[in-house]
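The values are calculated or read from the model by the stated rules, or taken from the named source; none is laboratory data. If you're wondering where the values come from, they're calculated on a predicted model, not measured in any experiment. Backbone-built Cβ (ideal geometry, glycine too); neighbour counts: all protein chains shown. Each accessible area value is taken on the protein alone, full model and side chains, heavy atoms only, with ligands, DNA and RNA left out. Shrake-Rupley method; radii C 1.70, N 1.55, O 1.52, S 1.80 Å.
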Amino acid sequence: MTDMKTKASASPVPTKVAQERRSMRRLAPIAAVLAGGVVILILSYTLEPFRNYQLATVGAYFCVTAGLTVLTGLNGQLSLGHGALMATGAYSFALAQNKWLSLPLSFVVAIAVTTLAGAVIGLAAARLRGPYLAGLTLAVAIVVPSVTSTFDETFNSDQGLSVVLDPPPGTIPMERWQAWLAWTGALLTVLLLAFLVRGAFGRRLRAVRDDETAAKLAGVNIARTQVLAFVVSAVCAGLSGALFAVLAQSVSPGAFPLTLSLFLVMAIVIGGLGSLFGALLGAILLVALPTFAQSVAEQTGSHRLEGNLALVVFGVVLIVVMLAAPGGLASIRFTFIRRFRRER
Amino acid sequence: MKRTATTFVAAMVLLAAGCSSDGGGGGSTSGADVPGVTDTEVVVGTHHPLTGPAAAGYASISPATKAYFDFVNANGGVHGRKITYKVKDDGYNPATTQQVVRELVLQDKVFAVINGLGTPTHTGVLDFLKTNRVPDLFVASGSRSWNQPDKYPGTFGFNPDYTVEGKILGTYVKDNLAGKKVCFLGQDDDFGRDSLLGLEKVVGAVAAKGTYVTSNPNVGPQFGQFKAAGCEVVVLATIPGFTALSIGTAAKIAFKPQFVVSNVGADPTTVGKALGAAAPLMEGLVAANYLPLSTDEANPWISLFKKVNTEYNNGAEFDNNVVYGMSVAYLFVQSLQAAGKDLTRDGIVEAVKKNGFGGPGLVPLRFSATDHAGYGGTQLTKVEGGKAVFFGTAYTTDDAEGAVAPHTAQVVTPPSNGVPAA
């Protein structure tokens, strides 16, 4: 799943064995997603409601971290504005849902609107490099509250909108239903992304990331690849935002602050840039670390610590992971297993 | 890829194992299985902003509530049950509120949610609390959303709603500042809107109005506009930080209107601290309150609360937020007492509906089968010599067309051990 692996295995001349291996590799994402689906199904029946809700939150985060890790890790574009794209998805979802009260339609609207937003930002982003790109996307993240208060008739300012939801079908508890929704979204996203990055598109992404001039000489359209990468990633963020709207049953600018965008980048770096598995680890951390920090802070009895400790924990984890495993958490496993295999 | 799948499975299973190990700590009860209630304990919870932009002032409410519960517990509790109060920080972020309230209800298995703070934050959990049949008592906000007995039968407010307050502030303006040009600055949400609604019911359309959002600490343009419009009275529906900002901004552009401020943004200690050396600018500020003022040494409730504050709250700074927190605690203790020995969720909701609570409040609570709003009015205060003092009489009214009527408070003496007689 990592790009390192692909590079290593792409070198030998294609033989029958290699072809077979390639078709295996094509099928592998389906197997992984199916296995994931089964695990989620089992978990959603065994976990208690609050854990199910957390499971759903991991799923919703997984959508956005997967998209972001493809953009940043495989295409080399750093986005500090994915929180804003999530907000776009969430608000579109909320407005559509409150108007038509149809869950599938609202998801489609959310995805369509973020595709558009992603294309616009992507067009601008494709012209920018390094810190300038970071600056642009940062501005997008900061502008969200101002937009909601300038057009307060529609977005209701800081208070945000509440999202009307039909009760879950049958006798399914709300939390289990939310987990299913979130993970359906997440697993579909990951499946599509896995196929995308394994194909020609994935090769173009990496080519542009590694050397733009070389990629251009090889006939890759740099700008188009970058814009496409941004759009794909924006769609994932939009879906994630819509899922968060379902989970919170409300949307407000406070739910998509600048720190969320920064946390997302931190999560994929800790998880392992460019790896979808790393994105999953990152999503788990995004849910687990604040909870952990809160329980620690509660034991110390200092209220002031409660809201701030999560930031510290995240920072420390980032530093430790970067020192111990510069490739992120996902890379630890791979080097370990590879070494084990070599020794055998 | 297979490895990825295996690791994925392993990670999820580990996560599940790690997560579920600390759950399932519900209490065993005597007769009926009521969440959070045992023969010796009742567990309740809340969400408050302990960090973040709204923490100033509001962060000291929940420790005060907890201190009062500790005081009651030390005196034997209510019907032999000690009260455990779980406070979760939501940073005034609705998404976090969702998370922490689920944690309280589903994992900590609280009996009820008490005094959840904030309009935008609490609005998001109304449906969740209703579905889980959790009593949602004494919400710390004056939004009219809490008063929907048909839609949310278990939700009750605490603060006078902002429309009631707006009407009373409007009555003051109409009676004492007649003929002056009135302008309005409000928070861009239900707080500002409801307040303006009440004000305009009494004084008619205001000459100029503005809004602000908490994420943008600048009210320069609004006050430039008010000055240009020749406003003589400015009514504020603002949180404490923005009250201070408004007063400071007006002074900077040499604009000296009479300020009339909503209760939630008028605590002189909190606002004065934000103004720093400019605190004397508050002199003459008119506001409203429905609980005794922290500086009123003669009030028996204040002396009781002060004692509790010293003994159980580590002598925290005694301001109106502490008075507020303890008043909430007293009301909950009264409700527990009224609900009787066999405590159930339906039982406490019925007890609150029956009302008849006397306490520190200057006006009666509105609770009934058809009304779930909190206090029914306020009394006006004026800042004199750096501290707020009451003047005139208390008023009560409703959020519709009802008249603003004077109310004479009956003095209630607090029980010395903090627990009201059954």
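Does region B:309-316 contain any residue that is modelled with pLDDT of 95 or more and surrounded by 24 or more Cβ atoms within 10 Å (Cβ to Cβ)?
yes
Kindly list the number of the only condition in (1) over 30 Å from B:Q107 (Cβ atoms); (2) within 11 Å of the chain's Cα centre (by Cα) that fails for A:V64.
Single failed check for A:V64: (1).
Hand me the list of helices (runs of 4 or more DSSP H) wholly inside region A:172-236 holding 1 or more residues that are within 14 Å of chain B (Cβ to nearest Cβ) and surrounded by 17 or more Cβ atoms within 10 Å (Cβ to Cβ).
Values: elements: A:174-198, A:200-210, A:212-217.
Hits in region A:172-236: A:174-198.
From the residues in region B:256-265 that are closer than 14 Å to B:F226 by Cβ and buried (at least 16 other Cβ atoms within 10 Å of the Cβ), which one is farthest from the chain's Cα centre (by Cα)?
B:P257
Per-residue answers, yes or no, for (1) in the same structural domain as B:I168 (by TED's automatic domain parsing); (2) farther than 23 Å from B:V110 by Cβ; (3) among the β-branched types (V, I, T):
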{"position": "B:F259", "(1), (2), (3)": "yes, yes, no"}
{"position": "B:A279", "(1), (2), (3)": "yes, yes, no"}
{"position": "B:W301", "(1), (2), (3)": "no, yes, no"}
{"position": "B:K307", "(1), (2), (3)": "no, yes, no"}
{"position": "B:V352", "(1), (2), (3)": "no, no, yes"}
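So that you can scan it fast, the table gives a plain yes or no per residue for (1) within 14 Å of chain B (Cβ to nearest Cβ); (2) in contact (Cβ under 8 Å) with a residue 40 or more places away in the chain; (3) within 23 Å of the chain's Cα centre (by Cα):
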| site | (1), (2), (3) |
| --- | --- |
| A:T114 | no, yes, yes |
| A:A117 | no, yes, yes |
| A:A126 | no, yes, yes |
| A:P131 | no, no, yes |
| A:A141 | yes, yes, yes |
| A:V144 | yes, yes, yes |
| A:L161 | yes, yes, no |
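From the list B:K306, B:K341, which residue is free of Cβ contacts under 8 Å to residues at least 24 places away in the same chain and among the charged types (D, E, K, R)?
Selected residue: B:K306, the only one of B:K306, B:K341 that is free of Cβ contacts under 8 Å to residues at least 24 places away in the same chain and among the charged types (D, E, K, R).
Go through region B:394-411 and count every residue that is open to solvent by 50 Å² or more (accessible area, probe 1.4 Å) and β-branched (V, I, T).
2
From the list A:A255, A:A297, exactly one residue is out of contact with any Pro (no Cβ under 7 Å at 6 or more places or on another chain) and either at pLDDT 90 or above or crowded, with 20+ Cβ neighbours inside 10 Å (or both). Which is it?
Result of the check over A:A255, A:A297: A:A297.
Go through B:T96, B:T131, B:T119 for me and flag whichever is farther than 22 Å from A:V287 by Cβ and out of contact with any helix residue (DSSP H, G or I) (no Cβ under 6 Å at 6 or more places or on another chain). It would help to see each step written out before you state the result.
Values: B:T96 fails: farther than 22 Å from A:V287 by Cβ; B:T119 fails: out of contact with any helix residue (DSSP H, G or I) (no Cβ under 6 Å at 6 or more places or on another chain).
The conditions single out B:T131.
Based on what the data block shows, is A:Q249 on the phi > 0 side of the Ramachandran plot, within 13 Å of chain B (Cβ to nearest Cβ) and modelled with pLDDT under 95? Break it down into steps so the answer makes sense when it comes.
Values: on the phi > 0 side of the Ramachandran plot: yes; within 13 Å of chain B (Cβ to nearest Cβ): yes; modelled with pLDDT under 95: yes.
Yes: the conditions hold for A:Q249.
Conditions (1) among the basic types (K, R); (2) in contact with a His (Cβ under 6 Å, 6 or more places away or on another chain); (3) in a helix (DSSP H, G or I); (4) more than 30 Å from A:D211 (Cβ to Cβ), marked per residue:
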| site | (1), (2), (3), (4) |
| --- | --- |
| A:S79 | no, no, no, no |
| A:M86 | no, no, yes, yes |
| A:S106 | no, no, yes, yes |
| A:T115 | no, no, yes, no |
| A:L123 | no, no, yes, no |
| A:L133 | no, no, yes, no |
| A:A139 | no, no, yes, no |
| A:I142 | no, no, yes, yes |
| A:V147 | no, no, yes, yes |
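Those residues that are in contact (Cβ under 8 Å) with a residue 60 or more places away in the chain and among the aromatic types (F, W, Y), I need them from region A:94-111; list them, please.
The answer is A:F107, and nothing else.
Residues A:P12, A:P29, A:P49: which one is modelled with pLDDT under 95 and exposed (fewer than 14 other Cβ atoms within 10 Å of the Cβ)?
Details: A:P29 fails: exposed (fewer than 14 other Cβ atoms within 10 Å of the Cβ); A:P49 fails: exposed (fewer than 14 other Cβ atoms within 10 Å of the Cβ).
Only one candidate passes the filter, namely A:P12.
Between a first residue in region A:189-204 that is small (G, A, S) and a second residue that is open to solvent by less than 40 Å² (accessible area, probe 1.4 Å), which pairs have beta carbons less than 6 Å apart while being 6 or more apart in sequence or on different chains?
Correct list of pairs: A:A194/A:P29.
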